[in-house]
Structures are given as structure tokens and as C-alpha cells.
Amino acid sequence: AKYVYLFGKGKADGDGTMKPLLGGKGANLAEMTRIGLPVPPGFTVTTDVCTYYYANKRTYPAALQAQMEAGVANMERIMGTKFGDANGMPLLVSVRSGARDSMPGMMDTILNLGLNDTTVLSLAKATNNERFAWDCYRRFVQMYGDVVLGVQKRENEDHEPFEAVIHEYKHETYHTDIEDSALTATDQQNLVALFKNLIKERTGKTFPNDPWAQLRGAAGAVFGSWMNDRAIVYRRKYNIPTEWGTAVNVQAMVYGNTGEKSGSGVAFTRNPANGANEFYGEFLINAQGEDVVAGVRTPEPVINLKKKMPASYAELLKVRAILEKHFKDVQDIEFTIQEGKLFMLQTRNGKRTAAAALKFSMDMVKEKLIDWQTAIMRNPADQLDQLLAPIFDPAEIKKAAVIATGLPAGPGAATGQIYFNADRAVLAHERGEKVLLVRLETSPEDLRGMIAAEGIITARGGVSSHAALVARQMGKVCVCGASAIQIDYEKKTATIEDKVYNEGDYLSIDGTAGNVYAGQVKTAPSEIITGTIQGNKAAQKTEKFKHYTQLIAWCKKAARLQVRTNADTPEQAANAIAFGAVGIGLTRTEHMFFEGDRIDSMREMILANDTAAREAALAKLLPYQRADFLGIFKALKGFPATIRFLDPPLHEFLPHTKEQQMDLARKLGIPVEKIMARVNELHEFNPMLGFRGCRLGIKYPEITRMQARAVFEAAAAVRKLGIKVNPEIMIPLVGFTNEIDIQSSIVHEVAKAVQSEQKVRFTYKVGTMIEIPRAAMVAEKIAQSAEFFSFGTNDLTQTVLGMSRDDAGGFLGAYQEAEIIKKNPFASIDQNGVGEFMKLAVAKGRSTRPDIKLGICGEHGGDPDSVRFCHNLGLNYVSCSPYRVPVAILAAAQAAV
Ligand code: PEP
Ligand code: MG
């Protein structure tokens, strides 16, 4: 089998399409080589080897060693150097991980591999640069000691052990904190010795001198890091399967640290924070790539290269254009300049904020790089709500004082209580606090804290530090490199110009401008919200709003699945329609009974001893319901509305505390004992499986009759106003054919009566929810009465999985951790289980009624993966909460293109 894929000098075994096998980095190194960009030669060890490694007790396939040797030989040929050469210029390599999807900061990198006590001398001689050679060696021992041999920060340590050694050395030798670049060759040599001692002391292991032993160790460490805690946390968050594995890239070193004519940088072909079409990134002179991303030295903006290295800058701009034209997407690149010569070390599609994704996609259509269908795909559906996220209240922010500024690393506005380490941030978040994570520099260890935080502040480091990338992708607000903040981890304080902020104090940050504010600053809705829902003219003039409406318009053109909303009030319905919904997929009528003092009439109805008393109470509820429906029908302007009849267990409406019971007794003029007795009578051990849904209407048909009358009288009233109306009455929790038969004949009866009383005609439908397994099983019979099905996937999930929707939170975390389930089944449809019931019901329903209308109204209606699933099932619509409507529209379009 082929385990090693070579690239170099314009030729490559692989190409950009081979990401599953070569990982993202490996595939793109091959692709860049093929299109003639200056890529140092190397090879990629495939993800199959990673799979083999874990399947075979961390060992390698027998054929691997020979193939790696051929790979090294190929590099030697192209570079004209030898691996482990003790006389001439030695071949040094980098070893880096590369999974199918990039996992920023999660995996480890080793540079300058191949150096030892002999080759460091030949390197010094060949380059005539002793300082450089020892600097490379010192870095290598440090990285190798950390990543491969496991010398890592202990709980009680504030600094990386190697950094602590450097710090101590500087103070002993120079009595001050000099720059790393001021360290002499002798200093670096001394540090190498100190590092080796540290390694021995901490691990008992000796640093290996043999380059091949180094290479095997490094490859093993890359494969091993696939299972480290950070990688596992990241994969879980982004649903990356463990089976994918990582590839290993071994590449000839080029050096950004040979002197003032060299440097390393990372850049985006466009601005990944706001989407502007500008070359955006940073670099460091006389440094290796790790220095730029590690956030230890604060890099310079890449635009400064124009003055400092004009020829290299011009070449970079050329590469930028070639890359965008070739990949037709914004690229995130790593480059090194060695003595004025440019080398490309990586390219990948750049991570971006939702705002940037939107602008990129619209601009690239204009530039004819992509078509409008591709533009739809370029906007991740699960990120879209970032665009709807709040900004600071413009009036409030004018009054707020900027106490520090940094780089705008993740846009948006956040306010919260500050915490200086990830664990305490997580705990605070669990207590329900809004948290800002404040760190000297962001590092992958902070991932858990970042997930818990509303926003992140760092005192050092640039916009391309690994964790800043992660922040952006997570949609976290982030300000980086706010150097005015002095953080004392021990005292748990941040000091800004003599003012001390303690852990738990409030700060606010603007990740779009890079500002830090004292205290809490009120946030306000985004332009898209005000432009859409409030029709705010100024908001509608912004580019963001225009781009957004263009995107939604294209989505509507592309989508086959319609999007409706779950709304119980005219306002919610109007909002959803402003967002592009085309009707209501679910009105939960019970929500209407909680308002004002309606609950009293509701309670009276429940407490009634006989039909006459119940009907009297229902008569009081009728005008309320009629008015509610009237409002909704008007807001809908002719769009259809699915109205679900009473569903929850009756006892949910009853007063449960003594005070409430006394109060109700007084209002109804009955003895409190009677109320207590009725509450007891209605008590259920398992209300979710109890007296609820259509069971209420079966036992008390007068409830169904009242609700039908309210709907139809409202329909008649709006008909008379000349407004189109189209009520769809939905019977919940049906499992037996007779249930829907009995309930729908009541509805038809009332419809007939109201039409003749009011002397108007209106159209309506009667349908059912499919939310218990039996309904799916007998769907062909149910479809004889039901004119539509709406999947109630909340209850369907609960009943198919036998997991209470109200109690599953207690163990679902453990289930995800153990990878029994990938996603919360109450958020994203369990396609193999619940989905099969849906498939069955769709087929059976259509067999009886080929044009039966099919929708979904469970929480899953706003989840992109579930929307795609519903599209593939051939449903007519999904229904979700109003603020999820844009996400569902985008997801529906993406499923269709
Ligand atoms: C459902 O069960 O999916 C549903 C939409 O109804 P409810 O959430 O009100 O039970
Ligand atoms: Mg339900």
C-alpha cells in the first residue's frame, strides 16, 4: 500500500481533492506544488497510517519505513542536502499534523528536526551563521521536549518550563529581560544544554541524537496528539469523527530566522473579521512561523512588508491573486521569507466570521469568481445567527470609557464578569454568570474557558494566534493584544493605568473595533434585526443589510422546502414573516391561556364537575381565543396558520401552592378543599404520557368544540374584512385512527355551523401531528381523516428513544462524551431512529393521500442538519422559532443546491 505521498519541484503524487487521505494541509501542499507556487519539498504520511496506528497498539505498517526513506531521499535530491549530514549543509525538516478539517491549535508542530550536536555545527558552518544554527537547535530541543517527550507545564506553574529556563537564564546572564533575538550563539548553546538537563530531569528520557529516531518520535507524537484532550474537545464541538485520523507532513525546512532579510508570516487573502477585500495578516522579521502564531512576540501588520521587503511583498500579492483564482475562496496562508526568497508553507480556506462570509460571498459573485448558488453554500447556516447577534447600544457606548484597546479579533459586543483562567470561567458560566475570559495570551488550553465565555480578552498576541482563530469560528467576541492590561494571575487582577479590576468585575468588549470598556454596557440588536423587523431605514442602507437580503432572496429562489414559524402571538408571527417565513407551522394554543387572568377561567374549566359547568367556563375562554386568532390571522396577511388544539396535561394549569389554591378558592367562591381534592385527583406519575393531547378532547369534546369555534369565528371575521385566511387545525398526540376521526368530525361540524351562522365560506384543513410511534405505524389509516401531517419531533424523539425531553439533560452529556450519540437528539434529529419513523409515515401517508401536506414543527425545524434531512424526506415545510427562520431558509437552500 502507498502510505507516503511526495511533493516538490512542481510535481506531487497527490492533489487538493485528496483531503480524506492526505489531510487538508497535505492535500493543499500538493495542490500548491502542482500550480507552480514555491513550496519546499516534502511528503505526507496518510491518515490510513493513523488508523493503522490506533488499530495496532500504536505501531506502524511494515512498509512505512522504506517509503519514508524514499521520501527523505527525494527531498535530499531536490534540496541538494543530506538528512543528518555532519559535513555539509544538513537537511532539516518540519513535522506537522494535518487532519481533514483544520483543527487550529489542537495538534502539534516540530521545526528544525534533524539537528543534533554534530549537525548543528555543520549547519553553522554551511550558513556561516553560528547564532542562527544554535537558535534553530535550541528551538528544536524545546519543541521536541514539549511535544514528543512531554515536558509540560505543571498545575502549580504559571509559565512553560522551557520559557522559565530562558527567563531565568536572561536574568542571571544579563540581569534583565532582553529580547530573544538578542541572545548570542553562546547563549543559545547554553540554553540547549539547560534544556537537555530539564528534559532528563522531568522525563528521565535522553534527547535523541539520531535524526531518524527523532523523525519516528515526532511522527508518533503527531499521531498521538490526535487523541489528546484538546483535540477531543475540539472534535466534539465541531462533530469531527474520531475515525478520520490525522496525516503527518514532513517538509524541508526553510528559515525565517537567518537574519533581518528573513521572516515568517501568516495572512488571509481578505480580512476574515469584516470581509474587506484587503490583504490581511502579520509577520515577524527574523523569526520562525511558530513565533508568529504563538503570540509571544506581537507581530507587525503584513502591509509593513511593502516598505521593509518590497520585492517579497510584490511576490506575495501575486501569490494571493493566484490562490484566490485557483481555490475560488479566501485563503489562510503561511509563508516564510528566507534571505529575500518567498516560500509557501500552507494554504487552506480561511476561517471567517459570519459577517466576513457574507461579504466574501457577495463580493466574489460580483467579481465572477463564484456563482450565486456557490455564494449560498459559502455562508455556514449554523453561523448565520452571529449576524443577528447584538451590538452595543449606540447611545450607551458613546458614554462608555475605553480603558484599553487591542486588535479586533472576533466581532460583536459582549459584556460579562472577568475570569483569568479557563477552569474558573467554566465554573462561573455554570453558575449562570456571563463571563469574559481574560488571558495574557490565548493558548489552546483555554478552549473550554473560551466555549464558556461570552468574549475573550488577551493582553498579548495577534489576530492570527491559534486561539483567536478558534474564537472567531465559535462566534465569540474577542479583543487581542490589549497591551495596556497588566494581568497578575496570582492575585487574580487586571491593572489598567493604576485601576485594578478583580476577578468577577464587569468589563465590556467590542470585538469589531478592538475596544475594552469598564463596567457593563448595554447591547442592542444588529442592523439586520432592526432593518428587517423594525423596518429601520438607516439600517436598511448598510451594506451588511443589503448583502443579507440578497442572500435570503437567492436562498428563497433555490430552496424547495418552505419555512414556517412556531408562533403564539401576532408579534412573533409578524417577526417571522419579516424574516421570510411563509406561515405558521405551529401555534400552541395552551400558551394563550397563560396570559392575564385567563388562567382563572381555564382553572374553572378544569375544576368543573360536569359538562354544563365546563361549558360555562369554556364560554368565558371563547372570546379570548377568538381575539387571539383574529390578531394572528391579520398578522399573517393570508399566509396559512397551523393551529394546534390543547395539548399539555391539565394539571399544569392548576395552582400547586397553598397560597395559589386559597386565592383561586376565593375567586371562584368554592371551598379550598375542593380545589385541593381536584388537584390530587389530576395528579399524574408521568404526565408527559398521561392525560394530554387529543385525549383531553376525546374525554371532553366540548374543549375541541370551543377551540374550533374560536378559530372559525375569527376566520369568518377576517374573511369579512377581505383578508385571505387559511386555518389548518391540528390534533395533537394522535396514535389511533379513531382519535383523529372523532376529533376531525367535531371540527367539521363546527366549521359547517359557523359558516352558516356567519354566512361566509372559508377554506380550512384538519390534520394531525405525528409525534408518537404508533401514529407513524398506522399513518396510512390516519391519512384518511388527516389532510396534513406535522412531525412533532420533540415528542417523537421522546417516545421513540424512551428519553424524557425534560429529564434527558442529566445524562445526555455522558452519552455524547462516550460517543453513544453524536448530537443531542432533541436538538438535531436522530436520523437513524426517529428519522426512520418519519420516513415510514411519509410513505404511508402518501399512499393514502398522494398530495398530503407534510411538515415538521419540533425544535429540530431550525437545526441545519435536520432541515437537510427534511428536505431529503421531501417534506413541504419546516417550522421553527422566529429568530431561527433565517437559518432555516439558508439551510433549506443549501440542501437544494
Ligand atoms: C413536538 O412534540 O415536537 C411539538 C412540536 O409539540 P410540543 O413541543 O408542544 O409537544
Ligand atoms: Mg408534542
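What follows draws every value from the coordinates through simple rules; no lab data is involved. Note that the structure is predicted; figures quoted are calculated from it, not measured. Reconstructed Cβ throughout: ideal geometry from the backbone, glycine too, with neighbour counts over all protein chains shown.
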For PHE826, distant residues with modelled amide H under 5 Å away: none
Under the span-like rule (Cα at least 24 Å along the axis, Kyte-Doolittle mean at least -1.0), DSSP H helices of the chain: 185-203, 310-327, 611-636, 701-720, 737-758
The chain, relative contact order in percent, only Cα pairs under 8 angstrom and at least six apart counted: 8 percent
Computed E for ARG202/LEU801 - FRET, C-beta separation, R0 41 angstrom, nearest 0.05: 0.30
Cross-link table LYS153/LYS308; LYS318/LYS546; LYS699/LYS765; LYS620/LYS699; LYS556/LYS720, entries beyond 26 Å C-alpha to C-alpha: LYS153/LYS308; LYS318/LYS546; LYS556/LYS720
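Once the Cα gyration tensor of the range 761-897 is diagonalised, what are the square roots of 5 times its eigenvalues, in whole Å and ordered largest first, as equivalent ellipsoid semi-axes?
Working: eigenvalues 131, 66, 35 Å².
Square roots of five times the eigenvalues give 26, 18, 13 Å.
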Pairwise centroid distance, computed over Cα atoms, of the range 507-529 with the range 352-388, Å: 24 Å
Extreme residue, positive dipole direction of the chain, given options VAL521, VAL582, PHE360 (C-beta unit charges): VAL582
Dipole axis of the range 389-524 (+1 Lys, Arg; -1 Asp, Glu on Cβ), positive-most option in VAL477, GLN417, PRO390: PRO390
Karplus-derived 3J(HN,Hα), 6.51/-1.76/1.60, for each residue of the range 509-522, Hz, glycine and proline x: 10, 10, x, 8, 9, x, 9, 10, 10, 6, x, 9, 10, 5
The chain, helix-only ellipticity at 222 nm - DSSP H runs n ≥ 4, -39,500 (n - 2.57), divided by all residues, nearest 500: -14000 deg cm²/dmol
Proximal charge balance of GLU615 [Cβ under 12 Å; K/R count +1, D/E count -1]: +1
Contact order relative to length of the range 730-847, as percent, for alpha carbon pairs under 8 angstrom and 6 or more apart: 28 percent
Kirkwood-based Rg to Rh ratio, the range 478-605, C-alpha trace: 1.18
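With charges only on Cβ, +1 for K and R and -1 for D and E, what is the dipole size of the chain about its Cα centre, in debye, rounded to 20?
In debye, rounded to 20, the chain gives about 3060.
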Amide hydrogen neighbours beyond the local backbone of ASN129, cut-off 5 Å, H modeled: none
Stokes-Einstein D for the range 825-897, Kirkwood Rh over Cα pairs, 25 °C, 0.890 mPa s (µm²/s): 198 µm²/s
37 °C / 0.692 mPa s Stokes-Einstein diffusion coefficient of the range 1-135, Kirkwood radius on C-alpha pairs, µm²/s: 205 µm²/s
The range 102-192: relative contact order in percent, alpha carbon pairs under 8 Å with at least 6 residues between: 30 percent
Alpha-carbon centroids, the range 820-857 and the range 568-643: separation in whole Å: 28 Å
Three principal axis lengths of the chain [C-alpha, angstrom, descending]: 104, 61, 54
Long-range amide H partners of PHE791 with built H, under 5 Å: ILE770, GLY855, ILE856, CYS857
Lys pairs under 23 Å by Cα in the range 766-886, provided they are eight or more residues apart or on distinct chains: 7
Long-range Cα-Cα pairs in the range 118-208 (distance over 19 Å), rounded percent: 41 percent
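About the Cα centre of the range 389-524, how large is the charge dipole given +1 on each Lys and Arg Cβ and -1 on each Asp and Glu Cβ? Please answer in debye to the nearest 20.
Rounded to the nearest 20 debye, it is 220 debye.
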Modelled FRET efficiency - R0 45 Å, LYS153 with LYS318, Cβ distances, 0.05 increments: 0.60
At 1.306 mPa s and 10 °C, Stokes diffusion of the range 589-653 via Kirkwood alpha-carbon radius, µm² per second: 124 µm²/s
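So if I average 1/r over every pair of distinct C-alpha atoms in the range 476-531 and take the inverse, what Kirkwood radius in Å does that give?
For the range 476-531, the Kirkwood estimate is 13.0 Å.
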Charged-residue dipole, Cβ positions (Lys, Arg, Asp, Glu), the range 65-161 about Cα centre, Debye nearest 20: 340 debye
Charge sum, other residues only, whose C-beta stays under 10 Å from GLY858's C-beta, Lys/Arg counted +1 and Asp/Glu -1: -3
Whole-Å distance, taken between Cα centres, linking the range 39-84 and the range 785-809: 51 Å
P(r) histogram, all alpha-carbon pairs of the range 728-769 included - 10 Å bins from 0, percent: 28, 49, 20, 3
Local electrostatic count at VAL521 - Lys and Arg +1, Asp and Glu -1, tallied over other residues with Cβ under 15 Å: -1
Positive-pole candidate from SER828, ASN129, GLY722, dipole of the chain, charges at beta carbon: GLY722
